[in-house]
Amino acid sequence: MSDKGLPVRFRHWYLHEREAHASVLDSLETVPVDRRTEDAYREALDLFAHLLRARRMWLYRMGHTDRGATRVEELFPTGATLAELRSENAEIGEMWAAHLDGLDHEEIGRTFTYTAFEGGRFSNTVEEILTQLNGHSWYHRGQIARIVRSLGGEPAVTDYVFWTRKSR
């Protein structure tokens, strides 16, 4: 990808993330049905739910939605079904796509202040949070891939380089 500036880069990276998340959800379907009652499968679903809630929370903290996690417990939900995760993933994906469509250099450099769950007040730039979210997703997708493989499923291939090869 040529350097067309950070707004284009972040939109491009988010397109990768959306496709990677869809692949992860599909990979959870490859786990044999008789293994889907195991704690490890529940852990994989909960990790994915956490990814989605983190995405929503940062939109909220940046002032782009009126709903987001305000307590740490909300950031780590448990018990969602695969169907619910697919629905929430689509909803949050659309919210982020709309936000990123309007992303420009001014917004990327904007500093915003928020209250952390522990009570402290902090400030970050939008660029710092967008970068954090990319790494956060990669980290948890890797954890989910490990779990899917351990349960006899086929983990999603979500590495960026593989995505760029297929998207050309």
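Residues of segment 34-64 falling in the label zone of Arg71, defined by backbone nitrogen less than 18 Å from a point 7 Å along Cα to beta-carbon, are 50, 53-54, 57.
Which part of segment 87-112 falls in the paramagnetic zone of Glu19, meaning amide N under 20 Å from the point 7 Å along Cα-to-beta-carbon? Of the residues in segment 87-112, 89-101 have backbone N under 20 Å from the label point off Glu19.
In this Cβ point-charge picture (+1 for Lys and Arg, -1 for Asp and Glu), the chain has a dipole of about 300 debye about its Cα centre.
Using a/c under 1.5 as the rounded threshold, could you call segment 75-124 rounded, prolate or oblate? The axes a ≥ b ≥ c are square roots of the C-alpha gyration tensor eigenvalues, and prolate needs a/b larger than b/c, oblate otherwise. Because a/c hits 1.5 or more and a/b fails to exceed b/c, segment 75-124 counts as oblate.
Across segment 70-168, Cα-Cα distances exceeding 21 Å account for 54% of all pairs.
Toward the positive end of the charge dipole of segment 1-75, with +1 on the Cβ of Lys and Arg and -1 on the Cβ of Asp and Glu, the farthest Cα among Leu28, His64, Phe48 is that of His64.
Expected output is a single nm value to one decimal: the length gained when fully extending between Phe122 and Tyr60, i.e. 0.36 nm times separation in residues minus the C-alpha distance. What is it? Contour length minus Cα-Cα distance gives 20.9 nm. Heavy-atom accessible surface of the chain, averaged per residue, reaches 54 Å², computed with a 1.4 Å probe. Surface composition of segment 61-161: carbon plus sulfur atoms hold 51% of the accessible area, using a 1.4 angstrom probe and ignoring ligands, DNA and RNA. Between Thr111 and Trp138, the contour length at 0.36 nm per residue exceeds the alpha carbon distance by 7.3 nm. Going by the alpha-carbon gyration tensor, a ≥ b ≥ c the square roots of its eigenvalues, is segment 1-90 rounded (a/c under 1.5) or, if a/c is not under 1.5, prolate (a/b greater than b/c) versus oblate? Cα axes put segment 1-90 in the oblate bin. At full extension, Thr78 and Arg146 could sit 22.6 nm farther apart than now, given 0.36 nm per residue minus the alpha carbon distance.
Based on a Kirkwood Rh over C-alpha pairs, give the Stokes-Einstein translational diffusion coefficient of the chain at 20 °C and viscosity 1.002 mPa s in µm²/s. Let's see the in-between values first.
Details: Rh = 16.8 Å.
So the translational diffusion coefficient is about 127 µm²/s.
The values are calculated or read from the model by the stated rules, or taken from the named source; none is laboratory data. Since the model is a prediction, treat every value here as computed from it, not as a measurement. With ideal geometry, Cβ positions are generated from the backbone for all residues, glycine too; neighbour counts draw on all protein chains shown. Surface areas here come from the heavy atoms of the whole protein model, side chains and all, with no ligands, DNA or RNA. Shrake-Rupley method; radii C 1.70, N 1.55, O 1.52, S 1.80 Å.
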